[in-house]
Amino acid sequence: MAAVEIAQSGGPEVLQLCRRPMPQPGPGEVLIKVAAAGVNRPDVMQRKGLYPPPPEASDIPGLEVAGKVVALGESVREPAIGESVCALVSGGGYAEYCVAAAALCLPMPKGFGPIDAAAMPETFFTVWTNVFERGGLKPGESMLVHGGSSGIGTTAIQLARAFGASVFVTAGSAEKCRFCEQLGATAINYREEDFVDRIRALTESKGVNLILDMIGGPYLQRNLSCLAADGRLVVIAVQGGPKAEINLLPIFLNRLTLTGSTLRPRSVEEKATIADALRRKVWPLLESGQVKPVVHATFTLAKAAEAHRLMESSRHMGKIVLSVA
């Protein structure tokens, strides 16, 4: 099969089209003929040598795919051969065929094609577990999302709004702010305004109930200043760096919670509980049109390097997808 491999750690140019043996599904797994694969920040980090795949995962990048099931491993009853699915995988997505745990396959929503479907698993799994399970967002509450125009951000805006919460986001340009506002968020241009002052003004000094942060260290103390009493800060990436000096007073004076998580290293069983929640609570919203993945650009498998260059430029708004079929 055709696949994209990381020849060595480095820039986008190290992504090279190659030929690899077709993988075979093991017990509890299925083989998917990939039609499209999502591109995510962890793929970029893996390419740079900063985020190695788990020991049992493929070294081929790619954490989400959409396509048709073409073979079943032992003990798999569903999905069936021929079924169109999208799946969360631990690696191997940038290829014509990819193995996925059957429990992490979700049916392609009615009316969706593979490009939209491939844009969903990584971001929807991440947002659901961190915003609604770990972050405990409830109807009537408010949330601040950093990086509102990203794939994670656009998903978080739509899901939070669909479940009755109000959303504030930060973004780095007027164009990105307008884009987020069209999705239902109140946007703050962090290059022109201090987001702490703006959140205080917008919430009448009450603060927000939840913050979803992808920046890390440089934003830690400022994030704590934006939280309401009993507020929760959920950190899911450290694009600005992993370290910070912290003043603990706001945490215990305002009963704040600081937490975070990563998705890729978690067990199939843990991820399967997230998949079940998405199937029951989010898939109906997708099929009704209330929520929709936002795809900024598509590239062929042979142009994976260009997709990574766009990802690293941060010019995109929404998801970047590789068209494989």
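When segment 296-325 is limited to residues that are farther than 13 Å from ASN40 by Cβ and among the hydrophobic types (A, V, I, L, M, F, W, C), the one that is nearest to the chain's Cα centre (by Cα) turns out to be MET317. Is it the case that ALA187 is assigned to a helix (DSSP H, G or I), under 21 Å from the mean Cα position of the chain (by Cα) and either modelled with pLDDT of 95 or more or more than 19 Å from LEU278 (Cβ to Cβ) (or both)? In short, no.
If you check GLU270 against the conditions, is it among the acidic types (Asp, Glu), open to solvent by 40 Å² or more (accessible area, probe 1.4 Å), over 30 Å from GLY26 (Cβ atoms) and at pLDDT 95 or above?
No, not satisfied.
Look at segment 20-48 and say how many of its residues are over 20 Å from the mean Cα position of the chain (by Cα) and touching a residue at least 40 places away in the same chain (Cβ under 8 Å). Write out each step before concluding.
Going residue by residue through segment 20-48, those that are over 20 Å from the mean Cα position of the chain (by Cα) are 20-33.
With the extra rule that they be touching a residue at least 40 places away in the same chain (Cβ under 8 Å), the set shrinks to 20, 22-33.
Residues meeting the conditions: 13.
Residues in segment 63-79 that are without any contact (Cβ under 8 Å) to a residue 40 or more places away in the chain and not in a strand (DSSP E or B) were compared, and the one that is most open to solvent (accessible area, probe 1.4 Å) is ARG77.
Tell me the residue from VAL321, VAL234 that is touching a His at 6+ places or on another chain (Cβ under 9 Å), assigned to a strand (DSSP E or B) and open to solvent by less than 10 Å² (accessible area, probe 1.4 Å), please. First the steps, then the outcome.
Numbers: VAL234 fails: touching a His at 6+ places or on another chain (Cβ under 9 Å).
After ruling out the rest, the residue left standing is VAL321.
Any residue at all in segment 280-288 that's open to solvent by 30 Å² or more (accessible area, probe 1.4 Å) and either in contact with a Lys or Arg (Cβ under 7 Å, 6 or more places away or on another chain) or part of a loop (DSSP other than H, G, I, E, B) (or both)? Full working, then the answer.
Step one: filter segment 280-288 for residues open to solvent by 30 Å² or more (accessible area, probe 1.4 Å), giving 280-281, 284, 287-288.
Remaining after also requiring either in contact with a Lys or Arg (Cβ under 7 Å, 6 or more places away or on another chain) or part of a loop (DSSP other than H, G, I, E, B) (or both): 287.
Yes, segment 280-288 contains at least one residue that is open to solvent by 30 Å² or more (accessible area, probe 1.4 Å) and either in contact with a Lys or Arg (Cβ under 7 Å, 6 or more places away or on another chain) or part of a loop (DSSP other than H, G, I, E, B) (or both).
Hey, among VAL127, VAL167, which residue is outside any helix (DSSP H, G or I) and crowded, with 24+ Cβ neighbours inside 10 Å? Criteria check complete, one pass: VAL167. Within the option set GLU56, GLU13, being assigned to a loop (DSSP other than H, G, I, E, B), among the charged types (D, E, K, R) and more than 17 Å from PRO114 (Cβ to Cβ) holds for one residue only, GLU56. Being outside any helix (DSSP H, G or I), touching a strand residue (DSSP E or B) at 6+ places or on another chain (Cβ under 8 Å) and open to solvent by less than 10 Å² (accessible area, probe 1.4 Å) is a property that LEU224 lacks.
From the list LEU137, LEU144, LEU106, exactly one residue is in a loop (DSSP other than H, G, I, E, B), modelled with pLDDT of 95 or more, in contact with a strand residue (DSSP E or B) (Cβ under 7 Å, 6 or more places away or on another chain) and hydrophobic (A, V, I, L, M, F, W, C). Which is it?
LEU137
Within segment 304-318, the set of residues being in contact with a strand residue (DSSP E or B) (Cβ under 8 Å, 6 or more places away or on another chain) and outside any loop (DSSP other than H, G, I, E, B) comprises ALA304, ALA305, GLU306, ALA307, HIS308, LEU310, MET311, GLY318. Just one residue in the set GLY82, GLY111 is modelled with pLDDT under 95, open to solvent by 20 Å² or more (accessible area, probe 1.4 Å) and closer than 21 Å to ALA36 by Cα; that residue is GLY111.
For segment 47-59, indicate whether the set of residues that are among the hydrophobic types (A, V, I, L, M, F, W, C) and touching a helix residue (DSSP H, G or I) at 6+ places or on another chain (Cβ under 6 Å) is non-empty. The answer is no, given that none of the residues of segment 47-59 is among the hydrophobic types (A, V, I, L, M, F, W, C) and touching a helix residue (DSSP H, G or I) at 6+ places or on another chain (Cβ under 6 Å). Just so you know, in segment 137-164 the residues that are small (Gly, Ala, Ser) and open to solvent by 20 Å² or more (accessible area, probe 1.4 Å) include one that is nearest to HIS296 (Cα to Cα), and it is SER150.
The values are calculated or read from the model by the stated rules, or taken from the named source; none is laboratory data. These numbers were taken from a predicted model, which means no experiment stands behind them. Using ideal geometry, Cβ is built from the backbone for each residue, glycine included, and neighbour counts are taken over all protein chains shown. Keep in mind that these areas ignore ligands, DNA and RNA; they rest on the heavy atoms of the full protein, side chains included. Shrake-Rupley method; radii C 1.70, N 1.55, O 1.52, S 1.80 Å.
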